[in-house]
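Working notes, structure below.
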Amino acid sequence: MLNILRRISLATALLLVMPITVWLTGWHWQPGASDLKLKLFFAVTETVTRPWGTLTSLLISAWVLWCLRFRLKPALVLLAIMNVTIIAGQYTGSLIKNQVQEARPYVVWLEQHHGIDERVFYQQTRTERSAMVNRLLVDEPTVPGWLKRHWAFETGFAFPSGHTLFAASWALLAVGLLWPRKRYLTLAIIFGWASAVMASRLLLGMHWPRDLVMATVVAAVWVSVATWLAQRFCGPLTLPPVEQKEVQERNNGL
């Protein structure tokens, strides 16, 4: 368990570098960034947004199982552990959101520039909030149409970030499960994707840096438990002897 906590803690610290740095610099979101850059980050954020998040989970689950090559029964157990972890993280995030009830950056901006009251905004149903966003932004030139639609779709509270919870959970699961197998390229790709998702939530006006920090910490707690369960019930996460021998032979040949 100690080794699991060490690698999850290190990976968590790496994920936290960006949001904590942004937080400490006092950066505040404002509309008007490059449309092309925003579209690229929007494409990244859509890999987590319903319904594409389900496909993302399936793809990462399949790749992790392929990397570990467990037998059928432990593979099915691991599949359940991974996806229950993702779902548990989302429910935890929703519970915290409903308790803290923090407004999103774009809602604060609407309050400052379009005269709405954020408390009144969040007292309405989601459908009513979406209609209000569409109505207020119909002639707003600084916000592209696709971002207006994204805001109208995402009208919930901000703290913590559900997208970050999803992406950070998968990134930390990859570290917990695949680091002992030395799947470093896979880890780099998943970490890069997770970091891009986190950055997208800031650049699209959806979250504050503290939302990302809290989401990453919650993800780390759930993933630590999940990795221990995987090791306990699915088998060793380290390289099997045959693969260890192959790696050693490759290293000796260099």
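The values are calculated or read from the model by the stated rules, or taken from the named source; none is laboratory data. It should be emphasised that the depicted structure is a prediction, and the values quoted were computed from it without experimental measurement. Backbone-built Cβ (ideal geometry, glycine too); neighbour counts: all protein chains shown.
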Top-ranked residue of region 166-190 - restricted to ones that are among the hydroxyl-bearing types (Ser, Thr, Tyr) and surrounded by fewer than 24 Cβ atoms within 10 Å (Cβ to Cβ), ranked as modelled with the lowest pLDDT: 184
Please tell me if residue 103 is assigned to a loop (DSSP other than H, G, I, E, B) and either assigned by TED's automatic domain parsing to the domain that holds residue 222 or over 26 Å from residue 181 (Cα atoms) (or both). yes
Reported set for region 25-51 where residues are outside any loop (DSSP other than H, G, I, E, B) and not polar (S, T, N, Q) is 35, 36, 37, 38, 39, 40, 41, 42, 43, 44, 46
What about residue 9, is it touching a residue at least 24 places away in the same chain (Cβ under 8 Å), within 19 Å of the chain's Cα centre (by Cα), under 20 Å from residue 171 (Cβ atoms) and surrounded by fewer than 16 Cβ atoms within 10 Å (Cβ to Cβ)? yes
Examine region 132-153 for a residue that is within 11 Å of the chain's Cα centre (by Cα), among the hydrophobic types (A, V, I, L, M, F, W, C) and within 17 Å of residue 38 (Cβ to Cβ), and state whether such a residue exists. no
Residue in region 211-218 that is modelled with pLDDT of 95 or more, within 16 Å of residue 29 (Cα to Cα) and surrounded by fewer than 20 Cβ atoms within 10 Å (Cβ to Cβ) present: no
Looking at region 58-78, which of its residues are outside any helix (DSSP H, G or I) and surrounded by 12 or more Cβ atoms within 10 Å (Cβ to Cβ)? 70
Suppose we filter region 110-130 for residues that are in a helix (DSSP H, G or I) and within 14 Å of residue 152 (Cα to Cα); how many remain? 8
I'd like the full set of residues that are of a type in the set (A, V, I, L, M, F, W, C) and either out of contact with any Ser or Thr (no Cβ under 9 Å at 6 or more places or on another chain) or surrounded by fewer than 19 Cβ atoms within 10 Å (Cβ to Cβ) (or both), limited to region 133-151. 136, 137, 138, 143, 146, 147
Consider residue 17 carefully, then state whether it is of a type in the set (A, V, I, L, M) and touching a residue at least 12 places away in the same chain (Cβ under 8 Å). no
Taking the criterion of being surrounded by fewer than 19 Cβ atoms within 10 Å (Cβ to Cβ) and either touching a helix residue (DSSP H, G or I) at 6+ places or on another chain (Cβ under 9 Å) or β-branched (Val, Ile, Thr) (or both), would at least one residue in region 154-165 satisfy it? yes
Among the residues of region 147-157, are any among the basic types (Lys, Arg), more than 30 Å from residue 238 (Cα to Cα), out of contact with any Phe, Trp or Tyr (no Cβ under 9 Å at 6 or more places or on another chain) and part of a helix (DSSP H, G or I)? yes
